[in-house]
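Participant: Here it is, the structure in full.
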Amino acid sequence: MNQQQNPVKLDTLFASSPEIKQDLEQTASQLFFIPFMTPEKFAEAIGLSKGVVGGWIDQGYIPTAKVGRYRMINMVVLVSNLKEGKVS
């Protein structure tokens with residue numbers, strides 16, 4: 001199933017928490033060479049709970065891909081989106 005999702009501007013998503021936006025951008029830029037990451041490791045890397053990251057995934061703010069039977073965060077797409085100032 002392929003869902004079309006509208007991009008969400010990072011400034012809107014992180015309006016109340018610019019430090020989280022900055023931490024996410026810094027972590028993502030440092031991890032650009034890692035193509036996929038588990039939601040649990042991603043949450044740990046950016047210092048948020050697994051529930052928050054899971055909610056962002058459910059809302060389509062963080063791109064994922066199915067790797068085997070696991071849902072993984074697609075770091076390549078995430079970094080690309082961050083550089084463009086959006087999360088889709």
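Bear in mind that the values in this text are calculations on the coordinates, not laboratory data. These numbers were taken from a predicted model, which means no experiment stands behind them. Glycine also receives a Cβ, built like all others from the backbone with ideal geometry; neighbour counts cover every protein chain displayed.
Participant: Taking the Cβ of residue 51 as the center, what net charge do the other residues with Cβ under 12 Å away carry, scoring Lys and Arg +1 and Asp and Glu -1? List each step's numbers first, then the result.
Facilitator: Numbers: positive: 50; negative: 40, 58.
Residues close to residue 51 contribute a combined charge of -1.
Participant: Order of 70-83, 39-52 by packing, highest average Cβ count within 10 Å first? The partial results should precede the final answer.
Facilitator: Values: 70-83: 17.5, 39-52: 15.1.
The packing order, highest mean first, is 70-83, 39-52.
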